[in-house]
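The values are calculated or read from the model by the stated rules, or taken from the named source; none is laboratory data. Quick caveat, the model's predicted, so the values are computed rather than measured. Every residue, glycine among them, receives a Cβ derived from its backbone with ideal geometry; neighbour counts consider all protein chains shown. Accessible surface is based on the protein model in full, side chains and every heavy atom, while ligands, DNA and RNA are left aside. Shrake-Rupley method; radii C 1.70, N 1.55, O 1.52, S 1.80 Å.
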Amino acid sequence: MQELSRLATAIMFLTRLPVGGLGSGDPAELVHSTRYFPLVGFIVGLILAFSLAILQQVLPPSVAIAVMLLLSIRLTGAFHEDGLADVADSAGAFGVDRKLEIMRDSRVGTYGSLALILLIVIKLVSLWELWLLDAQLCLAVLICAHVLSRWSSVCLMVMEDYARPEAANKVVAEGVDRRCLLHSSLCAAAVLLPLAWWQGAAMYLLFIVAWLTVLIAARQFRNAFGGITGDCLGAANQVVEVVVVLAALMVMSWH
């Protein structure tokens with residue numbers, strides 16, 4: 001029952017899916033729930049892949065993917081996209097304090113708007129092209145991208161210090177340790193197993209792509225902010241999701 005509560009907590013934190021009263025607002029439970037972040041990504045990815053498979057029966061692929069992306073925002077409440085916009089807006093400022101101040105601002109500026117527009121365009125076009133090359137692979141990669149993007153958050157919390165010493169989220173981020181990362185990694189490997197069985201063991205190579213992306217993101221956040229914030233986790237989530245799809249598309253294009 002405790003593990004079910006932790007899974008519900010992860011779902012409650014990362015999505016807008018209802019979990020009844022099973023989820024917990026206790027920071028300690030949220031720390032333990034990080035082991036299930038990849039499973040939440042799998043659930044979201046599975047819903048989106050199933051929806052896309054149905055939508056493409058009645059709509060052209062491009063429109064079906066656009067509707068699926070709209071559904072993805074509804075499922076997550078644009079939680080991660082908001083982080084990307086805030087991090088992008090901070091790029092126009094100088095100094096760590098000013099960058100962190102801009103990220104606290106709820107308004108979206110020019111850089112943030114452009115980042116969101118380009119994000120949606122790249123997602124739409126890359127998934128569309130991948131669908132035209134191999135529809136089944138596209139569905140598998142879509143799920144894989146959501147799994148690894150959630151896994152990236154756990155990696156960053158272990159790798160980097162929290163940039164805001166006064167933030168409430170610092171308690172959670174600092175509580176996530178290497179054991180949490182090990183559990184999260186095992187969870188990611190387990191939920192990717194059916195995808196590897198379906199599309200081949202090469203699906204696990206996307207782990208490497210995601211890990212390299214996390215390393216680059218960690219370095220960028222360290223240089224820009226002196227560590228990570230919740231917005232950084234959201235931004236990295238979206239970048240990993242896109243890079244995984246682009247990597248699959250590049251490999252398919254070479255064949």
Fill in: Arg222 more than 15 Å from the chain's Cα centre (by Cα) and not in a helix (DSSP H, G or I)
no
Fill in: The one condition in (1) closer than 23 Å to Glu241 by Cα; (2) part of a helix (DSSP H, G or I) that Leu17 fails to fulfil
(2)
Response to the item:
If we ask which residues in region 53-73 are over 19 Å from Ile117 (Cβ atoms) and either charged (D, E, K, R) or touching a Phe, Trp or Tyr at 6+ places or on another chain (Cβ under 8 Å) (or both), their number turns out to be 2
Worksheet item: In the set Ser24, Ser51, which member is surrounded by fewer than 20 Cβ atoms within 10 Å (Cβ to Cβ) and in a helix (DSSP H, G or I)?
Response: Ser51
Discussion item. Of the conditions (1) of a type outside the set (Gly, Ala, Ser); (2) out of contact with any Ser or Thr (no Cβ under 6 Å at 6 or more places or on another chain); (3) surrounded by 15 or more Cβ atoms within 10 Å (Cβ to Cβ); (4) under 25 Å from Val141 (Cβ atoms), Val31 satisfies every one except a single condition; which number is it?
Written reply: (4)
Worksheet item: Quick one: would you say Arg179 is of a type in the set (Lys, Arg) and either part of a helix (DSSP H, G or I) or surrounded by 23 or more Cβ atoms within 10 Å (Cβ to Cβ) (or both)?
Response: yes
Discussion item. Looking at Leu212, Leu193, can you tell me which residue is under 26 Å from Leu130 (Cα atoms), at pLDDT below 95 and either open to solvent by 60 Å² or more (accessible area, probe 1.4 Å) or part of a helix (DSSP H, G or I) (or both)?
Written reply: Leu193
Practice prompt. With the checklist (1) out of contact with any strand residue (DSSP E or B) (no Cβ under 9 Å at 6 or more places or on another chain); (2) surrounded by 15 or more Cβ atoms within 10 Å (Cβ to Cβ) in hand, flag the one item Thr229 doesn't pass.
Written response: (1)
Worksheet entry | Any hit, region 225-239, residues being in a helix (DSSP H, G or I), in contact with a helix residue (DSSP H, G or I) (Cβ under 9 Å, 6 or more places away or on another chain), among the aliphatic types (A, V, I, L, M) and under 16 Å from Ile143 (Cβ atoms) | no
Item to complete: Quick one: in region 132-164, of everything that is touching a strand residue (DSSP E or B) at 6+ places or on another chain (Cβ under 8 Å) and either among the hydrophobic types (A, V, I, L, M, F, W, C) or buried (at least 24 other Cβ atoms within 10 Å of the Cβ) (or both), which residue is nearest to His32 (Cα to Cα)?
Response: Met157
Practice prompt. Six or more apart or on different chains, Cβ under 6 Å: which pairs go from a residue in region 229-255 that's within 15 Å of Ala135 (Cα to Cα) to one that's buried (at least 24 other Cβ atoms within 10 Å of the Cβ) and of a type in the set (Gly, Ala, Ser)? Could you list them?
Written response: Val245/Ala145
Discussion item. Residue under question is Phe94, and the condition is that it be hydrophobic (A, V, I, L, M, F, W, C), touching a Gly at 6+ places or on another chain (Cβ under 8 Å) and under 25 Å from Gly227 (Cα atoms); does it hold?
Written reply: no
Discussion item. Going residue by residue through region 124-131, is there one that turns out to be free of Cβ contacts under 8 Å to residues at least 60 places away in the same chain, part of a helix (DSSP H, G or I), open to solvent by 50 Å² or more (accessible area, probe 1.4 Å) and of a type outside the set (D, E, K, R)?
Written reply: yes
Discussion item. Which residue is farthest from Leu48 (Cα to Cα), if the candidates are limited to region 83-103 and must be surrounded by 13 or more Cβ atoms within 10 Å (Cβ to Cβ) and either free of Cβ contacts under 8 Å to residues at least 12 places away in the same chain or not hydrophobic (A, V, I, L, M, F, W, C) (or both)?
Written reply: Ala93
